[in-house]
Amino acid sequence: MPSNFTTNLFSLHGRVALVTGGYRGIGRMIATGFLQQGATVYICGRKALECDTAAKEMSAFGKCISIPADLSSMKGVEALVKAFKAHESKLDILVNNAGAAWAEPFADFPEKGWDKVVDLNLKTPFFLTLALHPELQKSARQAASSMGSHCAKVINIASIDGISVNPMETYSYAASKAGLIHLTKRMALRLAPEGIAVSAIAPGAFASDMNTVARDQAEETAKRIPSRRIGTAEDMAGAAIYLASRAGDYVVGSTLIVDGGVTYARG
């Protein structure tokens with residue numbers, strides 16, 4: 001075994017990645033980790049100024065390009081794909097991270113709270129992956145033809161709320177994330193023969209604009225976590241780098257739980 005074996009195993013040098021919602025929260029944690037491992041990273045977000053600013057800041061770690069896009073509609077998905085293709089002809093890593101949440105009592109839960117969340121969390125990952133399928137195929141073919149030993153990757157960001165039930169009335173969010181976990185399995189079986197490995201991450205408590213409880217009440221939240229802390233940027237980046245790199249090539253259809261033990265503590 002060569003001395004640089006583990007370095008190469010987790011390297012993303014020369015890879016091109018697209019991280020949706022990559023300008024903040026978990027998406028930014030993942031995008032930053034990819035940059036530090038040598039990837040060129042494209043990030044998108046519906047807030048153009050914030051996305052552009054984040055890309056400039058993250059460029060301290062590597063080549064990071066902002067493509068502002070609102071992925072809540074097929075029109076937005078198509079615009080993102082068109083803009084990405086103007087820059088690149090292939091895609092090595094797609095991270096479907098952009099998402100939304102909605103909490104409201106059962107009796108009052110509105111249709112708009114269902115449609116907004118399910119469309120962005122479940123519909124968009126499928127149709128964005130479908131739209132970028134040729135670019136992912138090209139990456140896989142090039143790796144195979146050059147005797148490369150890595151797959152193209154699709155990583156869906158799910159949630160532990162799609163695995164176990166939390167006390168909050170987030171009906172559409174939990175349903176969409178559970179659906180995404182199963183969709184990951186179905187897509188993985190379809191795409192694995194093409195050299196495209198599909199997997200998912202189910203995060204627990206990480207500080208973000210979506211998880212304001214973990215962000216604003218970290219110490220109190222930590223008391224409910226077996227590991228006695230909320231997740232860090234390193235925890236999330238490490239999981240994503242593993243799945244995105246050669247190290248994760250044989251992980252097909254699985255969802256990696258990154259939650260400090262919360263899922264099992266819920267019972």
Residue list for the range 37-59, filter: surrounded by 15 or more Cβ atoms within 10 Å (Cβ to Cβ) and in a helix (DSSP H, G or I): 48, 51, 52, 54, 55, 58
Output the residues belonging to the range 86-130 that are crowded, with 22+ Cβ neighbours inside 10 Å, assigned to a loop (DSSP other than H, G, I, E, B) and touching a helix residue (DSSP H, G or I) at 6+ places or on another chain (Cβ under 6 Å). 91, 92, 97, 99
Inspect all residues belonging to the range 184-204 and state whether any of them is surrounded by fewer than 18 Cβ atoms within 10 Å (Cβ to Cβ), on the phi > 0 side of the Ramachandran plot and modelled with pLDDT of 90 or more. no
Taking the range 67-85 and keeping residues of a type in the set (Val, Ile, Thr) and assigned to a loop (DSSP other than H, G, I, E, B) leaves 67
Can you go through 27, 62 and tell me which one is under 19 Å from residue 201 (Cα atoms) and either surrounded by fewer than 22 Cβ atoms within 10 Å (Cβ to Cβ) or among the small types (Gly, Ala, Ser) (or both)? 27
How do the pairs read when you match residues in the range 2-31 that are on the phi > 0 side of the Ramachandran plot with residues anywhere that are outside any loop (DSSP other than H, G, I, E, B) and modelled with pLDDT of 95 or more, using Cβ under 6 Å and keeping only pairs 6 or more apart or on different chains? 21/27
Filter result (among the acidic types (Asp, Glu) and in contact with a Lys or Arg (Cβ under 8 Å, 6 or more places away or on another chain)) within the range 119-134: none
Restricting the first residue to the range 35-57 and requiring it to be closer than 18 Å to residue 69 by Cα, which pairs with a second residue that is of a type in the set (D, E, K, R) and surrounded by fewer than 23 Cβ atoms within 10 Å (Cβ to Cβ) meet a Cβ separation below 6 Å and a spacing of at least six or different chains? 46/70
Answer from 66, 89 - the residue that is more than 21 Å from residue 133 (Cβ to Cβ), without any contact (Cβ under 8 Å) to a residue 60 or more places away in the chain and of a type in the set (S, T, N, Q): 66
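The values are calculated or read from the model by the stated rules, or taken from the named source; none is laboratory data. From a predicted model like this one, the values you see are computed outputs, not experimental measurements. Backbone-built Cβ (ideal geometry, glycine too); neighbour counts: all protein chains shown.
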